[in-house]
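**Q** A single structure is presented below for examination.
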Amino acid sequence: MLFRSGCVLVSPGGQEESAKAMAIHDVKSVGSGATLAFVTPTKPLHLQAPPKQTSFDRAQVAAAKNGSGNAAGSRAPLVLAGALVGAAVTSKRTGRTRAKKITIKATTTADLVNVSSLTYHAKNDDGLLPQPANPKFKLALISTYVPSLEGGGSDKMLNGHRFDSIPLANGMIKQGMSCQIIFYNHEEHDEFFKVLSNFDGVLVRANPGQIKAAGGDQKKFDDAILALQAKGKPVWPSPDVMAKMGAKDALCKVKEMDFGLPDTFGYYSPEDMARDFPKGIGYQPRVVKQNRGSAGEGIWIIRLKSGDYCKNFGDKEAAADEMLVLMEANDNHEEEHTVAEFIEFCSNGRTEKSGDWTSKGTEIGRAHV
């Protein structure tokens with residue numbers, strides 16, 4: 001049944017606005033001269049059992065040069081050559097942009113936290129900079145992996161990393177901090193938090209719902225994170241902050257402020273959606289989202305097929321039989337349905353009234369515009 005896990009958020013804006021937002025997000029995430037997050041493989045990668053994490057993921061590179069095939073297992077304190085990172089620098093005086101090289105000294109295994117007791121799910125760390133020698137702080141970036149989902153989840157790239165994990169880690173490394181990516185596996189819960197306690201700070205990049213989907217307990221994870229935080233360990237973001245601001249209906253709470261949009265709705269029941277969605281889509285294209293989650297799951301970019309929008313909000317309500325063009329953000333596929341069919345699909349899933357859907361999902365969950 002719909003409306004069981006949060007509200008559906010619908011926000012104004014269509015494909016053009018979404019494309020602009022994603023372009024801005026990409027630039028802000030990696031910067032104009034940042035190191036690529038990963039290197040596209042030249043040939044298919046064979047599936048393999050996930051290895052144990054090593055406290056120095058680059059040890060195998062040095063081992064290959066030395067003719068050893070098991071450097072990670074030997075735990076020898078290795079030092080790699082410093083990495084040259086390209087960056088674009090613009091002169092304030094001339095306005096010209098020139099290339100600049102930044103040398104980052106690689107660390108030894110002694111400078112990192114030993115994470116070899118935890119299971120690592122990424123196939124490679126291509127694009128990840130060497131960790132700095134004598135790091136100012138030692139950070140952990142927590143990721144998740146759902147074995148039952150293709151690639152470990154829709155937020156994962158081909159290498160098994162979340163799309164923003166390596167750029168975030170590289171950002172920390174460039175500031176002189178080490179940042180080790182580790183995967184939370186619920187079967188290793190106690191050992192995981194024992195290892196985590198050895199870091200100076202924690203970045204949590206775990207999609208809501210993925211811990212449960214992998215067979216774990218989200219509350220157990222959250223409680224352990226909060227206990228760590230109570231001991232003075234910085235956590236970004238912490239579960240209590242996510243509970244307050246992580247849900248999409250935070251946009252509804254600020255819609256009357258200067259930076260908000262008054263035509264932002266939270267659908268907390270089927271009745272809410274039936275009443276407010278026709279008004280919103282009659283005014284502007286909509287982005288309809290699940291209240292929680294990310295990576296495009298249950299997110300629809302919707303526009304009127306006719307393009308016949310009203311000039312002022314509230315002047316028009318779309319008719320039940322008016323045709324919509326919907327694009328789902330997780331795979332960018334498009335399908336067409338009437339206003340009535342879309343509301344039925346969100347409220348009750350696949351029924352005779354909702355028509356035939358090619359989406360892999362069954363419903364949106366609770367929604368927000």
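All of the numbers you see were taken from the coordinates with simple rules; none came from a lab. Worth saying up front: this structure is predicted, and the values here are computed from it rather than measured. When we count neighbours, we look across all protein chains shown, and the Cβ atoms used for this are built from the backbone with ideal geometry, even at glycine.
**Q** Normalised by the residues of region 250-368, what does the relative contact order come to in percent, with Cα pairs under 8 Å and at least six apart?
**A** Relative contact order, region 250-368: 25 percent.
**Q** Arrange the following residues from fewest to most other Cβ atoms within 10 Å of their Cβ: 257, 273, 177, 323.
**A** 257, 323, 177, 273
**Q** Based on the mean of other Cβ atoms within 10 Å per residue, sort peptides 208-214, 186-192 so the most packed one is first.
**A** 208-214, 186-192
**Q** If packing is taken as the average number of other Cβ atoms within 10 Å across a peptide's residues, how do 306-317, 346-357, 114-125 rank, most packed first?
**A** In descending order of packing, they fall as 114-125, 346-357, 306-317.
**Q** When N is the residue count of region 250-368, what does its C-alpha Rg come to as a fraction of 2.2 N^0.38 Å?
**A** 1.00
**Q** Taking the highest mean first, how do the peptides 139-148, 222-231 order by number of other beta carbon atoms within 10 angstrom per residue?
**A** Details: 139-148: 20.9, 222-231: 14.4.
Top of the packing list down: 139-148, 222-231.
**Q** While we're here: For each pair in 255/311; 279/353; 212/360; 231/253; 233/253, compute the distance between the two Cα atoms and list the pairs where it is over 25 Å. Walk me through the numbers before you get to the answer.
**A** Numbers: 255/311 19 Å; 279/353 21 Å; 212/360 19 Å; 231/253 32 Å; 233/253 30 Å.
Listed pairs above 25 Å: 231/253; 233/253.
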